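Where a number appears in this text, it was derived from the coordinates with a stated rule and is not lab data. What you see is a predicted model; the values in this text were computed from it and never measured. Neighbour counts are summed over all protein chains in view; Cβ atoms, including those assigned to glycine, are modelled from backbone coordinates with ideal geometry.
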Amino acid sequence: MIVLLSILAVVVVLVVVIFLVGRRRAGRTPRAMAPRAAMPDLLVGDTTAIPSLVDDVTLSQRLSSSRGVFDRVRSLSGTGNLTSDQLDVVEEVLLRSDVGVATTASVLAELTANGAPQGVALALRAILLDGLRTDRSITTSADAGRVPVWLFVGVNGVGKTTTIGKLAQRHHDQGRSVMLAAGDTFRAAAADQLEQWAARTGAEIVRANEGADPGSVVHDAIGRASARGLDIVLADTAGRRANSSNLLDELAKVRRVADRAPGQVVETLLVLDATTGQNALSQAREFLAASGVTGIVLTKLDGTARGGIVIAIERDLAIPVKFVGVGEGVDDLILFEPDVFVDSLLGA
């Protein structure tokens, strides 16, 4: 009985407490909410168009590091014969920009012999451009009944797979259907990255398990492209160490496979990293014999003061630079135009 009375007392107390709390809350005045600011009708006003890299001014900005090295040449005044001090400035600038010792010596000899009738910068511009006069045509078609193949070679880390993806986008924008061949089967990340580019650009792709025969992957890609009537095959290759005889033998084998009907290798593009300077030249020499390089793709040119490596490559190797990378955007891999490039370094 005592227990029941205790429980009843507790219940009564709880009811009273709840009643009193409820009355207190009911008597409070609701707190006014601060009014929200009205949303604007237009969040973004004037928009700025993305600048085109065809504009040489924009390219000058992208090559600001290299251009900065040539500031001293542009500041040299006077015409006619160059003084020893002026020649010293030109020599230092060319070497700092990675033009190379042999090419620098040749340029200095020409400046010494002919002088600078219209100023040092214009004289140097003419000499550099003269060394870049070569056929830079790009082949996108093959013989009747065969599929054109672009083969990409280069060591790991130079931007080879990204270059392929950007060129796939370029071909797509020009109305071509593209097949990608993930021939770098020694690095699973390369195939994964290429697959992402295929999805992004609408290209088709052939890949295999890690460690598969690269030649078989390229062969299958060409066969499928031929059967489906696609316009071009872009084939990645392994990029381990350039001084590995096994790698170079393998590249030669892949090229032979890619050049058999129904495929036809119309471009073999060596991808080099401009930031490596003269090391890029060493890599290039290793690849030339094994893969029959027809052109150079020079990446990361916007992030280096070594823009002179373009001149060194063409003079030393007699291989044309066909594309240069001047940014991370998909449209920042552009055709190399010597006049625009040299003017970006030496122009006012």
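Shape summary: the stretch 56-130 maps onto an equivalent ellipsoid whose semi-axes, from the alpha-carbon gyration tensor, are 20, 14, 11 Å in decreasing order. Projected label points at SER216 and ASP316, each 7 Å from Cα along the beta carbon direction, are separated by 3.9 nanometres.
Once the C-beta distance of LEU87 and ARG133 is scaled by a Förster radius of 22 Å, the resulting FRET efficiency is 0.35 to the nearest 0.05.
Packing order of peptides 66-72, 199-205, 217-223, 268-274, highest average first: 268-274, 217-223, 66-72, 199-205 (average count of other Cβ atoms within 10 Å over each peptide's residues). A cut-off under 15 angstrom between Cβ atoms defines the neighbours of VAL120, and their net charge, with Lys, Arg +1 and Asp, Glu -1, is -3.
What list do you get for THR294, THR83 if you sort them by fewest beta carbons within 10 Å?
Details: THR294 19, THR83 11.
By the 10 Å Cβ count, ascending, the order reads THR83, THR294.
Amide hydrogen proximity for ILE205: with H placed 1.01 Å from N in the peptide plane, the residues at 5 or more positions away or on another chain lying under 5 Å are LEU180. Put in line by how crowded their Cβ is, counting other Cβ atoms within 10 Å and starting with the fewest, ASP249, ASP184 read ASP249, ASP184.
All C-alpha to C-alpha distances of the stretch 147-293, sorted into 5 Å bins beginning at zero, yield P(r) values of 2, 11, 22, 24, 22, 13, 6, 1, 0 percent in whole numbers. Kirkwood analysis of the stretch 212-319, using all unique Cα-Cα pairs, places the hydrodynamic radius at 15.0 Å. Listed by Cβ neighbour count within 10 Å, with the fewest neighbours leading, TRP197, TRP150 appear as TRP197, TRP150. So if R0 is 45 Å, what FRET efficiency would ALA227 and SER282 give, r being the distance between their Cβ atoms, rounded to the nearest 0.05? The formula returns an efficiency of 0.65 here. Comparing Cα centroids, the stretch 299-348 and the stretch 127-182 end up 16 angstrom apart. For the stretch 122-133, 3J(HN,Hα) computed residue by residue from phi via the Karplus equation (6.51, -1.76, 1.60; θ = phi - 60°) reads 5, 5, 5, 4, 5, 5, 5, 5, 4, x, 10, 7 Hz, glycine and proline entered as x. If you wrap the Cα atoms of the stretch 272-348 in a convex hull and average its projected area over all directions, you get 5.3 nm².
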